[in-house]
Amino acid sequence: MRRGAYFLIGLGLTTLLCCAPTQVHAEGDPVKGEELYHRCQGCHSIDRNRIGPMHKGIFGRTAGTVPGFSYSSAMKNSDIVWNEDTLARFLENPRQLVPGTKMTYAGIKDAKDRADLIAYLKQATKP
Amino acid sequence: MTTLPPNASPTAFVPVRRRFLVGGTRALLSGAAVAMLASGAARPAMAAQTAEQIKADVDILNTALALEYEGIAAYQVGAKSGLLRPDALKLAVEFQSDHKQHAEALAKAVKQMGGTPVQSKTAAEYNFPTASLKNQFDVLRFAAGLEEGAISAYKGAIPLFADKDLAAAGASILGSEAMHWAILRSALGYKPLTLAFVG
């Protein structure tokens, strides 16, 4: 009986680990995220296209579709829809997720920083 | 945070030593890395790189070039705004000159590597938020924001260079942007910012 219980617990844990999302998102702090957004403002702004596309309306948007911005073929063909998970993966290493992207940025390696930035973007980019 | 009145002279709050640096040691600070970049001469390091690496480096240079063109255009808008007092105008023109030198060096490097330099845009295409620029303080703060952004952009791009000579030149330009940012912050009357690591 005990062995059976342990087996079921182990099976459950294994299932959980195997099916866990690629990125576990910590709760982000949008106040810290706004400070981090300064890093993005070299090339981006919330409401106008610059060296990079604007960020307004990004959540739920298909990558490569902001009107008036000249994207790389790689981004246009990426089939990415921006959400917390895809943004987190992209921000960690843009060129790894989208090889050929025009975004020449090494990435934000700290997971908490990414979470904070995404929390800010969720508030600041609402259409 | 202490701030200057909107139309105060920006050099009023720049320490005397830094005022000397703004005007005096410019030539001494252009390093070998940037001189190499600016010459457009062939660099031995390129021979060791793959075509893919060279293209990736050209893309980074072109992003930096686009950034510099935006900065040049922004300072032009600021200079022509009529909102800057003479000292501030002199500062804006000096900083714009630095960005022009950056752009020239970057464009030469792109061509030397077989790429096509990106072109600057028109003022209308840049779509700067000019309606929000009401006085000298607004103009300088806008410029400071762009310089701060440039620091982050270069910091994010430099690790991606396959060619370490280009990384060195990029770091030199980052240093220039950092000087601009620090001086503009001083001119705006902000408390001097010291950071162990720039994010």
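Readers should treat all values here as calculations from the given coordinates under stated rules, not as data from a laboratory. Every value quoted in this text rests on a predicted model; they were computed, and no experiment measured them. Cβ atoms come from the backbone with ideal geometry, glycine included; neighbour counts cover every protein chain shown.
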Helices (runs of 4 or more DSSP H) enclosed by region A:41-115 - at least 3 residues per element that are free of Cβ contacts under 8 Å to residues at least 24 places away in the same chain and closer than 19 Å to B:Gly156 by Cα: A:94-97
Residues being within 11 Å of another protein chain (Cβ to nearest Cβ), among the hydrophobic types (A, V, I, L, M, F, W, C) and more than 22 Å from A:Arg50 (Cα to Cα) - total across region A:75-124: 0
Within region B:57-114, how many residues are within 12 Å of another protein chain (Cβ to nearest Cβ) and among the aliphatic types (A, V, I, L, M)? 9
Complete set of residues in region A:39-74 that are within 13 Å of chain B (Cβ to nearest Cβ) and closer than 21 Å to A:Lys109 by Cα: A:Arg39, A:Cys40, A:Gln41, A:Gly42, A:Cys43, A:His44, A:Gly52
Please enumerate the residues belonging to region B:153-181 that are within 19 Å of A:Cys40 (Cα to Cα) and among the aliphatic types (A, V, I, L, M). B:Ala153, B:Ala157, B:Ile158, B:Leu160, B:Ala171, B:Ile173, B:Leu174, B:Ala178
Among the candidates B:Ser176, B:Ser152, B:Ser172, residue that is in contact (Cβ under 8 Å) with a residue 12 or more places away in the chain and either within 11 Å of another protein chain (Cβ to nearest Cβ) or assigned to a loop (DSSP other than H, G, I, E, B) (or both): B:Ser152
